2 protein chains.
Amino acid sequence: MSLVDALIGCAGAANVLTGADAQPYLTDWRRHATGRALAVVRPRDAAQAAQIVRLCAQARAPIVPQGGNTGQVAGATPDGTGLAVVINMQRLNRIRGIDTQNDTITVEAGCVLEAVQQAAMQAGRLFPLSLGAQGSCFIGGNLATNAGGTQVLRYGNARELTLGLEVVTPQGEIWHGLRGLRKDNTGYDLRDLYIGSEGTLGLITAATLKLFPLPRARRTALLALAGLDAATALLNRARGGFGAALTGFEVMSADCLDLVTGVFPEQRLPFGPMHPRPAWYALLELSDSESEAHAQDRFESVLAPALEASEALDVAVASSEAQSAAFWHLRETITLALAAAGPCIKHDISLPVSQLADFVHETDAILRQSYPGLRLMVFGHLGDGNLHYNMLGPGGAGKEQFAAMESAIQALVHDRVHASGGSISAEQGIGQRRVDDLRRYKSPLELELMGRIKQALDPLGIMNPGKVLA
Amino acid sequence: MSLVDALIGCAGAANVLTGADAQPYLTDWRRHATGRALAVVRPRDAAQAAQIVRLCAQARAPIVPQGGNTGQVAGATPDGTGLAVVINMQRLNRIRGIDTQNDTITVEAGCVLEAVQQAAMQAGRLFPLSLGAQGSCFIGGNLATNAGGTQVLRYGNARELTLGLEVVTPQGEIWHGLRGLRKDNTGYDLRDLYIGSEGTLGLITAATLKLFPLPRARRTALLALAGLDAATALLNRARGGFGAALTGFEVMSADCLDLVTGVFPEQRLPFGPMHPRPAWYALLELSDSESEAHAQDRFESVLAPALEASEALDVAVASSEAQSAAFWHLRETITLALAAAGPCIKHDISLPVSQLADFVHETDAILRQSYPGLRLMVFGHLGDGNLHYNMLGPGGAGKEQFAAMESAIQALVHDRVHASGGSISAEQGIGQRRVDDLRRYKSPLELELMGRIKQALDPLGIMNPGKVLA
């Protein structure tokens, strides 16, 4: 019996897609990679997923786990050989349980992130993982890539939000690790090894996640800043003054917001003309566990001195939920505005917060000198030391010219990040897109340790081959 | 050249202890295990530690990493063969650097935990890991065992407090993973694999740790409670009302505190006689990022309704730092009082918080019925679902009788914990003392995965053999 027939026997013909039916699953979100697959299979539950993995293992067929397909690095896209079986997790989308006394929720990997947030909210709790793609990304993909987003500052990334996992091993066994425990020191940390391994060590089918109390009040402010140094000073002031109530601290260059308001004229900055023109903006969010009045007082106690100290040129405090959403919308549409503006060179970097401002000043200067016409479009999560250090290419460059420039610029930026002890992939992972970068910047010892773990857990090398490790 | 001579050549004779000089390093803190060693070596720095590991690897000599030797499970004590080399980390005790803008501190493994706390404090920051042994345990041991303690509720365990590690591999190479990054998704999570692996995968020589703002005010209260259900209700009220300002929530049975005040008559409870007599006490700590006045208001806003709802029978709010320290001292001396009271049967268990009260009620009842005269002495970190479910044996039992009873009781308790999805070692690890338990309760698949990782990273099996894995 062929593998496809065996898969149909297992999951049913309706859930084994081939030919044109499979096509929508074979291109990554950024449309940089299109692969081919023997089939796209949609298991119903963990047991069926395990059976599918066993069939693939018997046939030595490569497996590509796939969630909502919103990744930036083509980690869920098969290669061009047509030998791979894509396991799409969309049918494993049950909320298995919520325990409000234990503050945990257990969900299947195919749940859309927003559905997890909503289920928590309905139980009077917060699930804080929050990112642009939340309406379509799956929690399983968030875990496979250790997703970050805008609330990491306070709540940590996907890894820190996870207590337990259920994983299908490359041998098709199920590891029942769905523990709802805050403390468990019984052996090696398999959980955190699977999280962030991008489907190369196993297939995550479910997770038990931490919940938090819902804040009683939120405050959002947009601040106009003279420069990134001022943003760092403001961050330190806000960390000291708000403590754990500081749940968001995003920065955006003025060029980013000019682009947004240019591409989407219905969006507007809440400021009049300023001299000097601000070079950066910060978006600051406070989540208060007491009351609206307390949130207001507290917000003012930090923002007023920041204005007096000239850390901020101007401050706009959102006066309603709608205005707060509008401020966040400015931040969240930068990516769309960039997509509309032409070919974009992207970096997802992190550095110690203490080094970030200098890094940006110096790297900006080098790039502007070497590549006239380049338009820097930098934004990101300053509180986590994580910037999307992006730029629009100079107009008029042909496709090949642009590709050559892109690769030279990425090497320049990543070399500088590496020299400063930073990361060349802060939150997006490696996938297939950054495999060469990983080989370039990781120490041979760390690559060897990773390779030995891969070999130990997936000796046939069938789990998402070509991703993360070469 | 013999291995001892080679070690002397590397570290100097003064730092290679044998015979009587080695003796103090060969018995564990609880005096349950005494081993023998070829030598105890004290490297000066990571490079020398790596050289020592290489020498041991060449000679196929087992290596036992050792910190402050305060563990509960004899994880840093060699076996009886006399073949092992103990690597004691006391000379690697430098604070390598503090970065207040990045909120990180980099320390060597042999730093005493309290020294790390103090270095952070001097820089105006909090390093929150806090536990009874903090005056003598080493941060390297805290990381090797993923230590918990009293602040996990708010700040997480040792794993969640760590950003980067420096590790000597069993081959004697140094992994330079001292990253001060909040986000870094470049490959497998080696950091969290080493943390909690109890020296069986490598030797941690340094770490970069997270720092936090110092709270502006603290409030501590001791609450008398009718039962453990009331404690759970109070915990939920405090989590909702305090949010991230809730930094401690400990519970102690009345029997525990009676024992403390009996053994240490200078210690006293801050309550008059009560009817009914309280069965439990809770110790609650609020860390406020605003002001003394705000801390006071906030504390009252949660405690007053708790009294009205009869969740608490009485409340004593510490009126000074000294009184707050006295309340914590009651909690912290339980272990000493138990040690003074005779042979003790200990369990370090965790369960989902939602199941804890029922577990204790039912297990208490079974034990009291089966073992008349047993005195239950239960206390722990309710906010983490972690209890030290301990008991004093009935008086008069001979040594052999007691040992038989201890092992039957531990099996009974651990079987029940396991059946409820709990952990048989919440924060103390496995060491050599719980190796059999681990084999009994971990699934064969999880043991196999752990074994494969061990084999991949330490193929000679020289790192802390006999610990964690059999």
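Look through A:VAL251, A:VAL263 and report the one residue that is more than 7 Å from chain B (Cβ to nearest Cβ), surrounded by fewer than 24 Cβ atoms within 10 Å (Cβ to Cβ) and among the β-branched types (Val, Ile, Thr).
Details: A:VAL251 fails: surrounded by fewer than 24 Cβ atoms within 10 Å (Cβ to Cβ).
Checking each option against the conditions leaves just A:VAL263.
Filter the stretch A:143-163 down to the residues that are open to solvent by 10 Å² or more (accessible area, probe 1.4 Å) and more than 10 Å from chain B (Cβ to nearest Cβ) and list them by number.
A:ALA144, A:THR150, A:GLN151 - these are the residues of the stretch A:143-163 that are open to solvent by 10 Å² or more (accessible area, probe 1.4 Å) and more than 10 Å from chain B (Cβ to nearest Cβ).
Looking for whichever is within 29 Å of A:ALA59 (Cα to Cα) and aromatic (Phe, Trp, Tyr) here; the options are A:TYR194, A:TYR155, A:TYR188. Which one fits? Even if it seems obvious, please write down each step before you answer.
Numbers: A:TYR155 fails: within 29 Å of A:ALA59 (Cα to Cα); A:TYR188 fails: within 29 Å of A:ALA59 (Cα to Cα).
After ruling out the rest, the residue left standing is A:TYR194.
Being aliphatic (A, V, I, L, M) and under 30 Å from B:GLY135 (Cα atoms), is that true of even one residue in the stretch B:357-376?
Yes, some residue in the stretch B:357-376 is aliphatic (A, V, I, L, M) and under 30 Å from B:GLY135 (Cα atoms).
Being part of a loop (DSSP other than H, G, I, E, B), open to solvent by less than 50 Å² (accessible area, probe 1.4 Å) and touching a Ser or Thr at 6+ places or on another chain (Cβ under 7 Å) is the filter here, so list the residues in the stretch A:25-39 that pass it.
If the condition is that a residue be part of a loop (DSSP other than H, G, I, E, B), open to solvent by less than 50 Å² (accessible area, probe 1.4 Å) and touching a Ser or Thr at 6+ places or on another chain (Cβ under 7 Å), then A:LEU26, A:ASP28, A:ALA33, A:GLY35 are the ones that fit.
It is to be established whether one or more residues within the stretch A:40-54 are open to solvent by less than 10 Å² (accessible area, probe 1.4 Å) and part of a strand (DSSP E or B).
Looking through the stretch A:40-54, at least one residue is open to solvent by less than 10 Å² (accessible area, probe 1.4 Å) and part of a strand (DSSP E or B).
I'd like the residue in the stretch B:210-222 that is within 13 Å of chain A (Cβ to nearest Cβ) and open to solvent by less than 10 Å² (accessible area, probe 1.4 Å) and, out of all such residues, is farthest from B:SER291 (Cα to Cα).
B:LEU211
Kindly evaluate A:ASN142 against the criterion of being part of a helix (DSSP H, G or I), under 23 Å from A:LEU382 (Cα atoms) and within 21 Å of the chain's Cα centre (by Cα).
yes
Which of the numbered conditions does B:LEU351 fail, given that it passes all the others? Conditions: (1) among the aliphatic types (A, V, I, L, M); (2) within 20 Å of the chain's Cα centre (by Cα); (3) within 14 Å of chain A (Cβ to nearest Cβ); (4) open to solvent by 40 Å² or more (accessible area, probe 1.4 Å).
Among (1) among the aliphatic types (A, V, I, L, M); (2) within 20 Å of the chain's Cα centre (by Cα); (3) within 14 Å of chain A (Cβ to nearest Cβ); (4) open to solvent by 40 Å² or more (accessible area, probe 1.4 Å), the lone unmet condition for B:LEU351 is (4).
Only one of (1) within 30 Å of B:GLN428 (Cβ to Cβ); (2) surrounded by 16 or more Cβ atoms within 10 Å (Cβ to Cβ) is not met by B:PHE299, so which one is it?
(1)
I'm told A:GLY180 meets every condition in (1) open to solvent by 20 Å² or more (accessible area, probe 1.4 Å); (2) in contact (Cβ under 8 Å) with a residue 60 or more places away in the chain except one. Can you identify the failing condition by its number?
Failed condition: (1).
I'm trying to understand the selection: among the residues of the stretch B:276-297, which are touching a residue at least 60 places away in the same chain (Cβ under 8 Å), out of contact with any Phe, Trp or Tyr (no Cβ under 7 Å at 6 or more places or on another chain) and not small (Gly, Ala, Ser)?
B:GLU285, B:ASP288, B:GLU290, B:GLU292, B:HIS294, B:GLN296
Quick check, is A:LEU126 open to solvent by 10 Å² or more (accessible area, probe 1.4 Å), free of Cβ contacts under 8 Å to residues at least 24 places away in the same chain and more than 9 Å from every other protein chain (Cβ to nearest Cβ)?
For A:LEU126, the condition - open to solvent by 10 Å² or more (accessible area, probe 1.4 Å), free of Cβ contacts under 8 Å to residues at least 24 places away in the same chain and more than 9 Å from every other protein chain (Cβ to nearest Cβ) - is not met.
Identify, please: which residue in the stretch B:283-296 is away from chain A (no Cβ under 14 Å) and open to solvent by 10 Å² or more (accessible area, probe 1.4 Å) and is, among those, nearest to the chain's Cα centre (by Cα)?
Ranking the qualifying residues of the stretch B:283-296, first place goes to B:GLU285.
Just give me the residues in the stretch B:1-24 being open to solvent by 40 Å² or more (accessible area, probe 1.4 Å), in contact with a strand residue (DSSP E or B) (Cβ under 8 Å, 6 or more places away or on another chain), under 20 Å from B:LEU92 (Cβ atoms) and not hydrophobic (A, V, I, L, M, F, W, C), in sequence order.
B:ASP21
Of everything in the stretch B:409-466 that's in contact with a Lys or Arg (Cβ under 6 Å, 6 or more places away or on another chain) and within 11 Å of chain A (Cβ to nearest Cβ), which residue is surrounded by the most Cβ atoms within 10 Å (Cβ to Cβ)?
In this case the residue turns out to be B:ALA426.
Out of the residues in the stretch A:92-113 that are under 22 Å from A:ALA47 (Cβ atoms) and open to solvent by 40 Å² or more (accessible area, probe 1.4 Å), state the one that is farthest from the other protein chains (Cβ to nearest Cβ).
Here the answer is A:ASN93.
The values are calculated or read from the model by the stated rules, or taken from the named source; none is laboratory data. Here the structure is a predicted model, which is why all the values come from computation and not from measurement. Glycine also receives a Cβ, built like all others from the backbone with ideal geometry; neighbour counts cover every protein chain displayed. What goes into the accessible areas is simple: the full protein's heavy atoms, side chains included, and nothing from ligands, DNA or RNA. Shrake-Rupley method; radii C 1.70, N 1.55, O 1.52, S 1.80 Å.
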